[in-house]
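The next block holds one structure in the form of structure tokens; read it before the comments.
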Amino acid sequence: DQAGAATTLGNLGNVYASIGDSAKALSIYARALTVQQALGDVVGAARTLGNIGVVHERLGDYAKALSCHEDALAAKRALGDKAGAAGTLGNIGLVHEALGDYGKALSCHERAFAAKEALRDKAGAAMTLGNIGIEALTGFLSAFLNVRIVAPVIAGIALAATIGAGATVGAGSTVTKA
């Protein structure tokens with residue numbers, strides 16, 4: 001079953017990406033993508049392209065990361081996958097942030113926020129707001145301070161904001177028994 005093999009390869013790529021073996025993750029994702037494209041599995045291929053983009057971003061290969069994320073975004077839009085497109089816009093924003101292009105990063109995050117808000121994705125919208133705040137703070141501080149000094153401080157603030165956003169979203173949630 002080729003579809004099952006592609007899914008398994010994608011999951012295996014996720015494991016290698018999670019443990020930091022980027023080369024192995026990219027190799028396995030490439031195999032999954034080949035199978036997905038041969039099968040005409042646009043949904044799976046879009047997901048795999050996004051995963052490849054994330055790995056390239058972690059490696060600092062921002063041109064490849066952007067290319068993969070833009071291809072994934074085009075596929076998700078063509079499929080009508082609004083939630084997937086919003087997440088991919090956020091990933092593109094993160095790449096632009098890494099490149100120091102805070103204007104493009106902010107634009108991507110604002111569009112991602114609007115889409116997540118329209119979808120009533122409270123957790124996603126909260127996370128995106130955190131990214132917007134981090135973009136603005138990073139851009140402002142880097143104008144005055146060395147980025148090598150600012151980066152760890154921003155990372156700590158981002159972690160606190162993410163944890164806080166999760167707690168805020170969780171506080172508004174309800175659990176019902178079936």
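The values are calculated or read from the model by the stated rules, or taken from the named source; none is laboratory data. Keep in mind the model is a prediction, meaning the values are calculated, not measured. Positions of Cβ are generated from backbone atoms using ideal geometry, with glycine treated the same way; all protein chains shown enter the neighbour counts. Heads up: the accessible areas ignore ligands, DNA and RNA and are worked out on the full protein's heavy atoms, side chains in. Shrake-Rupley method; radii C 1.70, N 1.55, O 1.52, S 1.80 Å.
For the stretch 92-113, does any single residue satisfy the condition of being in contact with a Leu (Cβ under 9 Å, 6 or more places away or on another chain) and more than 24 Å from Gly124 (Cα to Cα)?
Checking the stretch 92-113: not a single residue is in contact with a Leu (Cβ under 9 Å, 6 or more places away or on another chain) and more than 24 Å from Gly124 (Cα to Cα).
So, in the stretch 29-53, how many residues would count as being more than 11 Å from Thr7 (Cα to Cα) and open to solvent by less than 20 Å² (accessible area, probe 1.4 Å)?
4
Which residues, counting only those in the stretch 98-109, are acidic (Asp, Glu) and crowded, with 21+ Cβ neighbours inside 10 Å?
none
Can you work out which of the residues in the stretch 66-88 that are in a helix (DSSP H, G or I) and within 15 Å of Asp121 (Cα to Cα) is most open to solvent (accessible area, probe 1.4 Å)?
Lys82
May I ask you to say which residue of Gly10, Gly53, Gly44 is in contact with a His (Cβ under 6 Å, 6 or more places away or on another chain) and either in a helix (DSSP H, G or I) or at pLDDT 95 or above (or both)?
Only one candidate passes the filter, namely Gly53.
Sort through Ala63, Ala83 and tell me the only one that's modelled with pLDDT of 95 or more and small (Gly, Ala, Ser).
Ala63
Please pick out the residue among Leu59, Leu94 that is over 22 Å from Ala6 (Cβ atoms), of a type in the set (A, V, I, L, M, F, W, C) and surrounded by fewer than 17 Cβ atoms within 10 Å (Cβ to Cβ).
Just one listed residue meets the conditions, Leu59.
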